[in-house]
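Presented below is the structure to which this report refers.
The values are calculated or read from the model by the stated rules, or taken from the named source; none is laboratory data. What you see is a predicted model, and the numbers here were worked out from it, not measured in a lab. All Cβ positions, glycine included, derive from the backbone under ideal geometry; neighbour counts span all protein chains shown. We work out accessible area using only protein heavy atoms, side chains counted, and drop any ligands, DNA or RNA first. Shrake-Rupley method; radii C 1.70, N 1.55, O 1.52, S 1.80 Å.
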Amino acid sequence: MSQAATQYNAREIHELRETLRNTNPVDVAERLESMDDHQAIMLFRMLPKDTAADVFAYLSRDMQENIVNAIQDYEIAHIIDELFLDDAVDFIEEMPAGVVKRVLSNLPKEKRNIINHFLKYPDGSVGSIMTIEYVDLKEFLTVAETFARIRRDGVDKETIYTLYVIDSQRKLLGAVSAKKLLLSSPDDKIGDIMQREITSATTADEAESVANDFRKYGLLAMPVVDAEGRLVGIVTVDDILEIQEEVATEDFELMAGLSPSDEPYLKTSIWTLVRNRLPWLIILMLIGIIAGVILDTFEDAISAIPVLVTFIPMLMNTGGAGGSQSSTLVIRGLALGEVALHDIFKVLWREMRIAFICGAALALVNFIRVLLMYNPDTLGLSVALLGLSVSLALWITVFMAKIVGCSLPLLAKRLKLDPAVMAAPVITTVVDASSLLVFFGIAKAMFGL
């Protein structure tokens with residue numbers, strides 16, 4: 001299948017089409033992505049019409065744009081018309097203006113109006129990712145009538161596993177699952193078997209917050225209502241998984257000190273990658289100068305006891321790691337809804353106890369290490385006093401790092417910033433400067449410098 005389509009004879013093309021028809025669209029999309037553009041386009045045009053739209057939905061944005069630019073207008077209209085509405089909206093949102101104009105101009109007026117309506121919802125809102133391709137029911141329908149309706153209308157719907165019940169004003173009344181329908185009598189009324197207490201979202205809700213409800217309640221789909229409680233669409237679990245992937249990717253990038261990017265790594269230009277990384281590196285470098293200023297301030301102490309310098313990397317690394325541990329867990333808790341702003345005192349009290357125990361254990365191990373590794377005759381000072389000063393500084397540094405690590409993400413949330421911004425690079429830089437102040441302050445007091 002890696003050969004160009006033009007190299008196949010008529011019989012081979014027929015056989016290949018049948019093979020592609022029976023291959024999962026995701027697998028076909030992966031094969032197309034592995035080819036060069038010319039081969040991929042030629043092979044895509046060989047796909048049966050009912051398969052092409054399914055495959056198109058799983059292609060990268062670059063490949064989708066290449067295909068749209070290479071095929072005829074009537075082919076574009078067929079593909080976009082066959083896509084589920086939410087997939088069509090996602091595609092149009094990310095395409096250049098020229099491609100969007102060509103696509104919309106080839107769509108039926110009704111579908112074009114619907115897509116334009118969806119494009120008006122704010123990015124990241126539930127309205128921007130919902131679909132209107134669902135089956136709705138009325139309370140007075142019987143189970144038998146419902147199955148007839150599903151067979152008639154369900155072919156082009158995104159999901160029929162959960163069906164939603166509305167009144168004459170389209171107000172959401174409840175929901176009924178396919179399992180419940182299968183286990184009910186054909187004469188049962190939908191109003192008698194439906195579930196009336198259901199979780200729903202509004203078009204203005206943040207998609208990220210709705211994702212937590214999917215996880216909490218184990219949902220496959222969720223109804224979306226307007227401000228007056230009328231059913232306007234549904235959100236399905238595949239859309240939620242995409243949102244969660246995007247949010248997780250953005251958090252990872254921010255935690256690593258990178259500006260978020262939607263482009264795949266290998267398809268992102270070198271200059272774009274540099275632009276995403278360099279600002280953070282410059283900021284952290286400038287903040288890091290503070291550590292140099294602190295060292296310069298304690299130059300007399302370093303000159304009097306040079307061995308103090310050898311403990312600086314250990315203090316910084318341990319403090320940075322301790323702060324990162326706390327921040328990572330708090331950021332995860334905020335993302336999953338396990339931690340809220342009003343839990344700040346619970347989080348602080350919890351981390352204080354953890355920091356106290358971890359700091360004490362590390363201080364004890366470090367004190368023993370100093371006693372075993374250093375010779376008082378060589379140093380010309382008390383090894384016990386040196387070990388005590390370093391261990392005490394280590395204990396305080398770990399305690400301070402964990403408090404900073406758990407509180408900064410909560411502070412960022414309070415300021416309506418992404419908590420991931422206050423992750424490893426920022427916390428490590430803050431802790432590094434603080435640990436130096438603590439260490440040399442204790443050393444000067446212990447040795448009377």
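On average over all directions, what projected area in square nanometres does the range 65-117 have, based on the convex hull of its Cα atoms? Numbers along the way, then the final one.
Details: hull surface 12.8 nm².
Orientation-averaged projected area of the Cα hull: 3.2 nm².
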Handout entry: Dimensionless Rg over Rh [the chain; C-alpha; Kirkwood]
Key = 1.13
Handout entry: Angle in degrees between helix 73-82 and the longest Cα principal axis of the chain, rounded to the nearest 10
Key = 80
Fill in the blank from the handout: Reported to the nearest 10 Å², Asp167 has, with a 1.4 Å probe, an accessible area equal to 50
Practice task
Using only Cα atoms, find the angle between the long axis of helix 237-255 and the longest principal axis of the chain, and express it within 0 to 90 degrees, rounded to the nearest 10.
Solution key: 20
Exercise for the section: Would you look at the GNM of the chain, springs on alpha carbons closer than 10 Å, and say which of Glu338, Glu110, Glu33 moves the most? Expected result: Glu110
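Would you mind calculating the relative contact order of the range 365-449 from Cα pairs under 8 angstrom and at least 6 residues apart, reporting the percent as a whole number?
Details: 63 pairs, mean separation 25.1, N = 85.
Across the range 365-449, relative contact order equals 29 percent.
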Completion exercise
Row for the range 323-387, column shape: gyration tensor on C-alpha, a ≥ b ≥ c, rounded if a/c < 1.5 i.e. under 1.5, prolate if a/b over b/c, else oblate; value prolate
Exercise for the section: Give me D for the range 63-156 in µm² s⁻¹, whole number, from Stokes-Einstein with Rh from the Kirkwood sum over alpha-carbon pairs, 25 °C and 0.890 mPa s. Expected result: 164
Completion exercise
Amide H neighbours of Val232 at under 5 Å, excluding residues fewer than 5 places away on the same chain, with H built from the backbone geometry, are Val224, Val225, Asp226
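Once you keep just the Cα pairs under 8 angstrom separated by 6 or more residues, what percentage relative contact order results for the chain? Walk me through the numbers on the way to the answer.
On the way: 563 pairs, mean separation 49.2, N = 449.
Dividing the mean separation by the residue count of the chain yields 11 percent.
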Exercise for the section: Work out the length of the dipole vector of the range 93-159 about its Cα centre, built from +1 on the beta-carbon of each Lys and Arg and -1 on the beta-carbon of each Asp and Glu, and round it to the nearest 20 debye. Expected result: 340
Handout entry: Rounded to 10°, Cα long-axis angle of helix 85-94 versus longest principal axis of the chain
Key = 50
Exercise for the section: For Tyr121 paired with Glu299, estimate the spin-label separation in nm (one decimal), with each label point 7 Å from Cα along the Cα-to-Cβ line. Expected result: 6.3
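Taking Cα pairs under 8 Å and at least six residues apart, what relative contact order does the range 74-204 come out at, in percent? Intermediate values should be presented prior to the final figure.
On the way: 155 pairs, mean separation 31.4, N = 131.
Relative contact order of the range 74-204: 24 percent.
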Problem - At q = 0.10, 0.14, 0.20 Å⁻¹, base-10 log of I(q)/I(0) for the range 295-449 (Debye sum, equal scatterers on each alpha carbon) - result: -0.40, -0.69, -1.12
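Rg/Rh for the range 156-242: what does it come to with C-alpha atoms and Rh from Kirkwood?
Numbers: Rg = 13.3 Å, Rh = 13.7 Å.
Ratio value, two decimals: 0.97.
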Exercise for the section: Net charge near Ile344: determine it from the other residues with C-beta under 12 Å of the C-beta of Ile344, scoring Lys and Arg +1 and Asp and Glu -1. Expected result: +2
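Please state the shape class of the range 18-57: rounded when a/c is under 1.5, otherwise prolate if a/b exceeds b/c and oblate if not, all from the C-alpha gyration tensor.
Working: a/c = 1.68, a/b = 1.40, b/c = 1.20.
Note, shape of the range 18-57 comes out prolate.
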Fill in the blank from the handout: When the charge dipole of the chain is computed with +1 on Lys and Arg Cβ and -1 on Asp and Glu Cβ about the Cα centre, the Cα farthest towards its positive end, among Leu219, Ser209, Ile442, belongs to Ile442
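From the cross-link list Lys402/Lys444; Lys49/Lys111; Lys179/Lys216, which pairs have alpha carbons spaced over 23 Å apart?
Numbers: Lys402/Lys444 25 Å; Lys49/Lys111 19 Å; Lys179/Lys216 21 Å.
Cα-Cα > 23 Å for Lys402/Lys444; rest within.
Under a Cβ-only charge scheme (Lys and Arg +1, Asp and Glu -1), can you give me the dipole magnitude of the range 74-187 about the Cα centre, in debye to the nearest 20? Before the final figure, lay out the partial values.
On the way: 15 positive and 19 negative charges, 64 e Å.
So the dipole magnitude of the range 74-187 works out to roughly 300 debye.
Where the accessible area of the chain is counted over protein heavy atoms with a 1.4 Å probe, how much of it, in %, is carbon and sulfur? Walk me through the numbers before you get to the answer.
Numbers: 14070 of 24100 Å².
Answer for the chain is 58 percent, counting heavy atoms of protein chains only.
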Problem - Selected from Ser407, Met285, Phe356, residue furthest toward positive end of dipole (the range 282-428; charges at beta carbon) - result: Ser407
Fill in the blank from the handout: With all protein chains present and a 1.4 Å probe, the order of Glu18, Glu245 from largest accessible area down is Glu245, Glu18
Fill in the blank from the handout: The answer for Met95, listing residues at least 5 apart or on another chain whose modeled amide H is closer than 5 Å to its amide H, is none
Fill in the blank from the handout: When the charge dipole of the chain is computed with +1 on Lys and Arg Cβ and -1 on Asp and Glu Cβ about the Cα centre, the Cα farthest towards its positive end, among Ile92, Ala70, Tyr164, belongs to Tyr164
Exercise for the section: Hey, can you find the accessible area per residue of the chain for me, probe 1.4 Å, expressed in square angstrom? Expected result: 54
Practice task
Using the Cα centre as the reference, give the magnitude of the dipole from point charges on the C-beta atoms of the chain (Lys, Arg: +1; Asp, Glu: -1; all else neutral), rounded to the nearest 20 debye.
Solution key: 1160
